[in-house]
Structure formats: structure tokens, C-alpha cells
1. If you take every residue apart from Y352 with its C-beta less than 11 Å away from the C-beta of Y352, what net charge results, scoring Lys and Arg +1 and Asp and Glu -1?
2. Could you list log10 I(q)/I(0) for segment 354-458 at q = 0.13, 0.22 Å⁻¹, which the Debye formula gives when each Cα is one point scatterer?
3. Rank these for me by crowding, S61, S71, going from fewest to most other beta carbons within 10 Å.
Amino acid sequence: MPARVIRVVATLIAIAIVAGTGVAWSTIRSFEEGINHISAEALGGGGEDGAIDILLVGVDSRTDAHGNPLSAEELATLRAGDDVATNTDTIILVRIPNNGKSATAISIPRDSYVQAPGLGKMKINGVYGEVKLDTMKELIENQGMDPVEGERRGVEAGRDRLIETVAELTGVTVDHYAEVGLLGFSLITDAIGGVDVCLKAPVYEPLSGADFPAGWQRLNGPQALSFVRQRHELPRGDLDRVVRQQTVMASLAHQVISGKTLSSPTTLNHLQDAVQRSVVLSDGWDIMNFIQQLQELAAGSVAFATIPVLDEAGWSDDGMQSVVRINPNQVKEWVTSLLETQDQGKTEELAYAPENTTVDVANDSDINGLAAAVSDVLTAKGFTGGSVGNNEGSRPPNTQVQAARVDDLGAQAVARELGGLPVVADPTMPEGTVRVVLAADYTGPGSGLESDPALSGDVIDQASASADGITSPPPPPSPILTAGSDDPKCVN
């Protein structure tokens with residue numbers, strides 16, 4: 001198989017993996033022949049808005065993509081149990097601009113409390129199942145329809161309503177739909193040789209089967225499924241589970257796009273078997289045209305993000321359910337901004353995280369303890385604390401942030417947090433480290449002289465928060481990950 005074709009196949013697999021259940025597909029026609037295709041009336045126009053938008057859904061199913069029950073051995077390996085479920089526990093919106101130079105995967109936490117068309121406010125993961133069951137009841141019990149046909153119609157109705165709900169929440173027209181059950185992620189991960197992950201601390205959680213040491217490790221399919229399904233015993237519950245899913249997606253995407261897998265016919269055969277057994281795709285998808293749009297996609301331009309959240313441990317309006325509270329207007333604005341930034345090729349800026357920057361703080365003023373106070377402000381914002389003390393170098397004319405380059409993302413972020421300080425190039429500074437030199441003119445956060453409370457970063461949209469029943473500041477945003485690194489990001 002030509003290397004170019006393998007690269008394109010790898011690209012498709014990378015952007016179509018749904019972590020938590022998982023999915024991938026190939027552009028080769030032979031791959032398509034055995035895939036279950038379905039119709040979905042709620043889908044849009046196929047890139048007429050300048051991009052292809054794909055809804056990737058993981059269903060907590062005990063069957064394969066063709067409705068065949070999983071074997072007892074498979075259920076045991078996947079730790080799936082025998083309960084029949086209809087929840088869509090992984091919901092990811094993927095956008096690929098028509099120029100094919102970037103890809104953005106946006107996760108929607110399964111407990112997000114949303115306004116579902118025709119249903120009212122509810123958890124988004126229940127939309128598919130509720131509509132499916134209501135439709136089946138009407139068609140089979142009230143209209144006497146054949147149960148097999150009634151279930152098929154119910155599934156179609158559930159998918160359509162979920163598509164409509166995601167479109168309403170994000171403001172994005174969904175063009176294509178992909179769905180898999182529990183089996184797919186495990187099969188696909190094994191087919192490409194496992195996935196690299198990194199944990200900040202060891203975990204043991206029997207419900208999901210997660211039992212892993214701290215640090216870097218390579219997981220096989222069943223292990224990876226346990227890794228991305230765990231949500232108990234995590235600091236942020238389901239939000240940390242979503243980050244794990246994205247970490248696995250980024251790692252798999254990096255492996256396949258960078259050409260580190262899919263190098264043998266045997267691997268491709270295993271992958272084809274996994275895809276055909278586990279993937280459901282919507283009709284009307286011109287896969288070969290889609291391939292042409294992806295020829296320039298590089299791992300570093302694939303980004304994974306999570307919608308903003310007001311409260312990860314909120315309650316439904318009736319006080320009966322624990323939910324993830326969101327502000328739909330904020331979500332739409334955030335999605336629009338994220339996609340525009342990604343379309344402009346600014347993936348590196350999107351993925352910057354304060355923890356990537358170590359900040360040294362030097363006091364060049366007469367105020368005792370100023371450097372320590374400012375360092376505390378920055379570490380509270382997520383930056384990595386460095387050395388703290390008096391300035392031993394030359395005296396600057398004013399307070400400044402020093403870095404190897406003026407355009408260093410970390411230096412720019414520190415400068416913003418401290419009230420818009422100037423950034424000065426210092427070639428002696430190592431990459432990943434910046435120095436804040438505090439002169440007598442400093443009046444920003446930590447000085448006790450802040451004139452604008454917004455400088456502290458603690459101001460929240462009180463009107464929006466109040467309307468959603470939130471009285472405390474929202475949780476920090478989830479990190480934006482990319483597929484451009486050889487080293488997996490360490491997560492909870």
C-alpha cells in the first residue's frame with residue numbers, strides 16, 4: 001500500500017477515535033463494505049459552512065455495530081456486565097475545515113444539563129435513549145408496528161434528536177455521524193499496538209478495572225478501556241474522565257499520523273476487522289472526497305478541548321439529579337472562538353497551559369515580601385513556581401517579564417496575569433522558564449495596590465452564574481491537548 005494512502009488512512013483513524021468507547025474508519029473502499037451505514041435526517045449540508053462537522057458518539061452497548069450480542073468472554077474482558085443501556089456516554093464534535101489543515105475535537109461531558117428540543121432540560125447523555133424508548137413505545141404498543149422495525153425507527157429518532165441537541169448547544173451544523181459501542185475502542189487500540197498514557201499518581205478503582213501505576217505506560221485495548229471509563233475516585237469526576245479520553249485520543253492520533261503504526265498488512269487487516277465490527281456511519285458520506293481534504297493534516301494541528309463548565313457538581317432544576325451545569329450562550333461563544341482560532345492555524349496557542357511555564361520572581365523594589373506574594377499569585381493561576389528572591393542582576397527601568405523570546409507564550413500569559421507587563425527578550429533564559437523582575441512601579445496582583453479587581457482573575461459573570469443557580473466561581477477550564485507530542489501528557 002503506498003505510503004500516501006497509509007498516511008491518509010491513519011489521519012482518518014486519528015480524528016475518528018471516540019475514547020471511552022472508541023471508533024475509527026478507513027478511506028479504503030474495502031473498509032467501507034462491511035461497515036453498518038444508517039440514515040439520519042437531522043444532518044446538515046456536508047461542508048457548506050466551510051468545514052466538515054462530525055458527531056462521534058460512544059454508546060454503552062452490549063452488542064456490536066450490527067446488533068449482534070457480545071460473547072460472555074468479551075463482556076468479561078470489557079468489564080461490561082449484562083445490563084442493557086442506551087446512554088450516549090461519549091459525545092464529541094469534530095470539525096475539519098474544507099482545507100483539511102486542522103482538526104478540532106470538542107468533548108461534551110455526558111452529564112451536561114442542556115435544553116433538548118422537544119424534551120426540556122435534561123442530561124445530554126439521556127437524550128438518545130429517552131427518545132428511542134418513547135418512539136418504540138408509541139410505534140409498537142400503540143400502533144402495533146413490528147418490534148424489529150419499531151426498534152429501528154426508535155434508534156433513528158434517538159440519533160436525530162441527539163444531533164439536533166448538539167447542534168443547538170454548539171451552534172454548529174452536524175454533517176456526519178459515527179457511533180460505536182464498548183467493543184470498538186478495545187479492538188482498535190489492540191489493532192494499532194496499544195496506546196501510551198501517563199498518570200500523575202497511581203490509581204486503583206475496581207468498578208472500571210483501572211489499576212495503574214504512576215508515570216508513563218503502554219496499555220492494551222481492555223486496559224485502555226478501563227483507563228478512559230474510570231470516573232470514580234478522580235478529583236473532578238467525569239471532567240477528569242473526559243481529559244483522559246482526550247489524552248488517549250491525542251496519543252493514538254500522534255501514533256497514526258506520525259507514521260508510527262499501520263506499517264504492515266497484518267496491522268491493517270486487524271484494523272479492518274475492528275472497524276467493520278464496531279463502527280456505525282451515516283449515509284451520504286463521500287469518503288474519498290474527505291480523504292483529499294485531509295492530505296495536509298499534521299499531528300500538531302489536531303486539538304482536543306472540552307466545553308466550558310459552570311459547575312461540575314451541580315443539580316438539576318428539580319433538585320433530583322446531579323448534573324454538570326453549563327451556560328448555553330457561553331458554550332456557543334466559546335465554540336465559535338475556538339474553531340475560528342483553530343481555523344487560523346493557532347493550535348499551539350490554544351494548547352498552551354500555565355503549568356508548562358516555570359516562573360522565577362525577583363524583587364527589585366523596597367517592598368519586603370513582594371516577590372513571594374507575586375509568586376503565590378502566579379502559582380495559584382497554575383504556573384510552575386521557580387526561584388523567588390531579590391534581584392541580583394542589572395536593575396531594569398521598570399517592572400518586566402523576561403524570556404528567551406518576546407513572543408514566548410508563557411511570558412505573554414504571565415504578563416497578562418500581572419496586569420499587562422512588557423515582555424523583554426533575554427537570550428540567556430532557558431525555554432520554558434520566564435523571570436518577573438518587580439520594580440518600584442509595580443501595582444499589579446500581589447502588590448496590595450490593585451486598582452482593578454479584574455486583574456486578580458477572580459471575577460465571574462455573576463448574572464450568568466446566578467441564572468444557572470451557581471454561587472461559586474466556575475472550575476478552571478479543562479486543558480486543550482494536541483496530538484503533536486511524542487510524550488503523553490500526565491493526567492489525573
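Read-outs: derived from the displayed coordinates by stated rules, not from any lab. The model shown is predicted, which means the values in this text are computed figures rather than measured ones. All Cβ positions, glycine included, derive from the backbone under ideal geometry; neighbour counts span all protein chains shown.
1. Within the 11 Å Cβ shell, the charges total -3.
2. Cα-only, vacuum Debye calculation for segment 354-458: -0.38, -1.19.
3. Ascending number of Cβ neighbours within 10 Å: S71, S61.
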